[in-house]
Amino acid sequence: MTFPKNFLWGGAVAANQYEGAYDVDGKGLSVEDVITYKPKVDVKDYKTNAHISLDGIKSAMNDTDITYYAKRRGIDFYHRWKEDLALFAEMGFKVLRLSIAWTRIFPSGEEETPNEAGIAFYEKLFQEMKRLGIEPLVTLSHYEMPLNLALKYNGWADRRVIDLFVRFSRVCFERFGKYVKYWLNFNEVDSLIRHPFTTAGIIPELCGERGELVCCYQAAHHQFVAGAKVTKLMREIVPDAKMGLMLTKLTTYPRTCNPEDVAATQKKNLENYFYADVQVFGEYPRMILRDLEKRGLSPVIEAGDLELIRANTVDFVSFSYYMSLTESVDPNAERTPGNTILGVKNPYLPSSEWGWQIDPVGLRISLIELYDRYRKPLFIVENGLGMRDTVEADGSIHDNYRIDYFRAHFREIEKAIDAGVDLMGYTSWAPIDLISANTNQMSKRYGFIYVDQDDLGRGTLERKRKDSFYWYKKVIATNGEDMN
Ligand code: BGP
């Protein structure tokens with residue numbers, strides 16, 4: 001048997017994409033609540049999709065629409081949590097990765113005391129998960145900071161946000177620590193540079209003459225400091241818990257063996273690793289610091305910051321992996337979209353309708369690279385295939401393409417484990433259809449469970465088991481032995 005005995009099989013979701021109920025029980029507006037679904041979305045133009053203006057935010061705040069502000073409605077997990085958790089348990093989940101909406105606990109991010117109704121919601125989830133034997137893996141920050149903090153402080157660009165986040169995290173550890181032993185600090189911490197508003201509350205107009213990029217690297221530094229403070233706090237409050245970082249593993253190959261392509265690729269990969277390096281090694285990579293300095297982007301680092309980062313590194317390394325890209329110095333090389341990134345097309349790989357290149361072997365390569373680099377236990381906390389599904393007349397959904405995708409990736413995971421990689425678990429993105437992070441679509445479906453809702457929020461929200469549901473259940477039941 002290749003998969004370790006206690007391997008944590010499960011799925012991953014994020015509050016802003018599935019809870020809905022955006023204004024219920026005292027919840028405040030988060031940055032995701034002002035992002036709209038655009039019917040004519042150009043997947044290549046992820047920058048425009050992620051763009052936000054002050055005027056846009058203000059008009060969103062005065063609008064109560066939930067058709068186009070798709071994340072406000074999610075899939076109504078807030079009211080259907082019991083049914084959904086039961087379905088996860090039916091598949092045999094050992095773990096569920098979920099996030100806590102900061103705005104349910106601190107609606108504006110600045111209250112002195114938490115919103116008890118928000119705490120009660122998560123408490124009830126954790127109690128039910130305990131009853132079902134599902135271990136929670138909790139992300140403290142998954143693209144859902146209070147909108148107030150974006151408007152008032154320009155999000156994480158302002159150092160004062162660190163303490164507000166620590167206050168939120170303290171409540172999470174104190175109130176949920178008895179249930180939650182696995183924590184992640186910032187989802188896809190590297191995504192700050194690609195979609196600064198949803199990751200870090202940065203509004204370009206508030207960056208002034210310093211420019212958005214300066215704000216981004218300053219914000220990244222503040223997240224590193226916050227991450228270290230929160231790890232320290234977790235160890236004080238929940239000593240038997242473990243903290244992980246979370247990286248978008250944007251595995252990039254050289255398009256050719258032209259040494260210039262190889263060098264350009266190396267640079268890309270080092271820029272991606274940077275965010276994990278700081279949190280595992282406890283120090284900034286010297287080459288990144290030098291590069292930032294040359295580009296006039298050096299963050300302000302206060303006395304004590306580097307010591308704090310050094311003293312509070314993470315326990316494990318988690319990452320998302322969906323696709324791979326290539327890099328080339330040829331300006332005419334054909335480009336293709338990946339997860340909030342554009343890269344050069346790989347002629348050996350097929351792509352999904354959204355352009356993401358499907359590369360199971362890339363997952364093995366990623367696992368081996370990450371383990372060799374960090375020598376820390378790894379956790380795959382997102383991996384999956386976004387596709388349109390068809391519901392047959394009898395209500396069945398034959399998603400063989402999804403089963404093929406997972407099977408191929410699991411076979412590569414097996415090879416990596418066999419090679420000696422220490423892997424704690426695997427949570428698919430997402431076990432149930434939900435609102436897409438990038439495009440706000442419902443039709444880009446990832447789930448083993450179908451949710452009857454279209455891009456405009458029409459549908460009964462009924463849950464249906466797809467063919468992949470039964471397949472994943474079997475994989476978990478046999479701990480990966482039977483993948484047929
Ligand atoms: C990751 C995010 C998730 C998620 C996933 C798929 O980057 O952490 O929140 O949704 O990508 O992306 P999308 O939903 O845009 O297809």
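The values are calculated or read from the model by the stated rules, or taken from the named source; none is laboratory data. Just so it is clear, the model here is predicted, and its values are computed rather than measured. Glycine gets a Cβ as well: all are built from the backbone with ideal geometry, and neighbour counts include every protein chain shown. Each accessible area value is taken on the protein alone, full model and side chains, heavy atoms only, with ligands, DNA and RNA left out. Shrake-Rupley method; radii C 1.70, N 1.55, O 1.52, S 1.80 Å.
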**Asked** Glu302 versus (1) acidic (Asp, Glu); (2) open to solvent by 70 Å² or more (accessible area, probe 1.4 Å); (3) out of contact with any Lys or Arg (no Cβ under 8 Å at 6 or more places or on another chain): which is the lone unmet condition?
**Response** (3)
**Item:** strands (runs of 3 or more DSSP E) wholly inside the range 155-271 that include at least 1 residues being β-branched (Val, Ile, Thr) and open to solvent by less than 10 Å² (accessible area, probe 1.4 Å)
**Value:** 242-248
**Prompt:** Is there a residue in the range 438-445 that is polar (S, T, N, Q) and under 21 Å from Ser318 (Cα atoms)?
**Reply:** yes
**Request:** Could you list, in sequence order, all residues of the range 439-448 that are touching a strand residue (DSSP E or B) at 6+ places or on another chain (Cβ under 6 Å) and near the ligand (Cβ under 8 Å from one of its atoms)?
**Result:** Tyr446
**Asked** Of all the residues that make up the range 71-84, how many are assigned to a helix (DSSP H, G or I), crowded, with 20+ Cβ neighbours inside 10 Å and of a type in the set (A, V, I, L, M, F, W, C)?
**Response** 1
**Message:** Name the single residue that is nearest to Gln218 (Cα to Cα) among those in the range 128-153 being open to solvent by 10 Å² or more (accessible area, probe 1.4 Å) and out of contact with any Phe, Trp or Tyr (no Cβ under 9 Å at 6 or more places or on another chain).
**Reply:** Tyr153
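For every residue, the table says whether it meets (1) modelled with pLDDT under 95; (2) under 29 Å from Ala12 (Cα atoms).
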position	(1), (2)
Arg210	yes, no
Tyr217	no, yes
Thr231	no, yes
Leu245	no, yes
Thr252	no, yes
Gln266	no, no
Gln279	no, yes
Ala303	no, no
Tyr321	no, yes
**Complete:** Going through the range 410-438 in order, the residues found to be within 13 Å of the ligand (Cβ to nearest atom) and assigned to a loop (DSSP other than H, G, I, E, B) are Ala430, Pro431, Asp433, Leu434, Ile435, Ser436, Ala437, Asn438
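Take Ile52 and decide whether it is crowded, with 20+ Cβ neighbours inside 10 Å and at pLDDT below 95. Before the answer, list the steps.
Numbers: crowded, with 20+ Cβ neighbours inside 10 Å: yes; at pLDDT below 95: yes.
Yes.
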**Breaking point among (1) away from the ligand (no atom under 16 Å from the Cβ); (2) within 18 Å of Glu111 (Cα to Cα); (3) part of a loop (DSSP other than H, G, I, E, B), for Glu144** = (1)
**Item:** Selection from the range 300-345 of residues that are within 16 Å of the ligand (Cβ to nearest atom), assigned to a loop (DSSP other than H, G, I, E, B) and either in contact with a Cys (Cβ under 7 Å, 6 or more places away or on another chain) or not aromatic (Phe, Trp, Tyr) (or both)
**Value:** Met323, Ser324, Asn339, Thr340
**Request:** Among the residues of the range 283-297, count how many are of a type outside the set (A, V, I, L, M, F, W, C) and within 18 Å of Arg310 (Cα to Cα).
**Result:** 4
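If the requirement is being closer than 21 Å to Ile202 by Cα and in a loop (DSSP other than H, G, I, E, B), which of these qualifies: Thr2, Thr103, Thr64, Thr36?
Working: Thr2 fails: closer than 21 Å to Ile202 by Cα; Thr103 fails: in a loop (DSSP other than H, G, I, E, B); Thr64 fails: closer than 21 Å to Ile202 by Cα.
The match here is Thr36.
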**Request:** Output yes when any residue across the range 388-405 is open to solvent by 10 Å² or more (accessible area, probe 1.4 Å), in a loop (DSSP other than H, G, I, E, B) and either at pLDDT below 95 or within 16 Å of the ligand (Cβ to nearest atom) (or both), and no when none is.
**Result:** yes
**Asked** Taking the range 410-422, which residues are among the hydrophobic types (A, V, I, L, M, F, W, C) and open to solvent by 10 Å² or more (accessible area, probe 1.4 Å)?
**Response** Ile417, Ala419, Val421
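A quick yes/no check of all residues on (1) open to solvent by 30 Å² or more (accessible area, probe 1.4 Å); (2) more than 16 Å from the ligand (Cβ to nearest atom); (3) modelled with pLDDT under 95; (4) out of contact with any Ser or Thr (no Cβ under 8 Å at 6 or more places or on another chain):
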residue	(1), (2), (3), (4)
Thr2	yes, yes, yes, yes
Phe7	no, yes, no, yes
Gly11	no, no, no, no
Ala14	no, no, no, no
Gly28	no, yes, no, no
Val43	yes, no, yes, no
Tyr46	yes, no, yes, no
Lys58	yes, yes, no, yes
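So, in the range 229-248, of the ones that are out of contact with any strand residue (DSSP E or B) (no Cβ under 9 Å at 6 or more places or on another chain) and among the aliphatic types (A, V, I, L, M), which residue ends up farthest from Leu370 (Cα to Cα)?
By that ranking, first place goes to Ile237.
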**Request:** Tell me, yes or no, whether the range 105-117 has at least one residue that is buried (at least 24 other Cβ atoms within 10 Å of the Cβ) and within 16 Å of the ligand (Cβ to nearest atom).
**Result:** no
**Request:** Report the residue count in the range 144-177 for those that are within 23 Å of Arg235 (Cβ to Cβ) and free of Cβ contacts under 8 Å to residues at least 24 places away in the same chain.
**Result:** 1
**Request:** State all residues of the range 439-466 that are open to solvent by less than 50 Å² (accessible area, probe 1.4 Å) and not in a loop (DSSP other than H, G, I, E, B); if no residue qualifies, say none.
**Result:** Arg445, Ile449, Tyr450, Val451, Arg463, Lys464
**Request:** Kindly establish whether Gly384 is open to solvent by less than 70 Å² (accessible area, probe 1.4 Å), of a type in the set (Gly, Ala, Ser), in contact with a helix residue (DSSP H, G or I) (Cβ under 8 Å, 6 or more places away or on another chain) and within 13 Å of the ligand (Cβ to nearest atom).
**Result:** yes
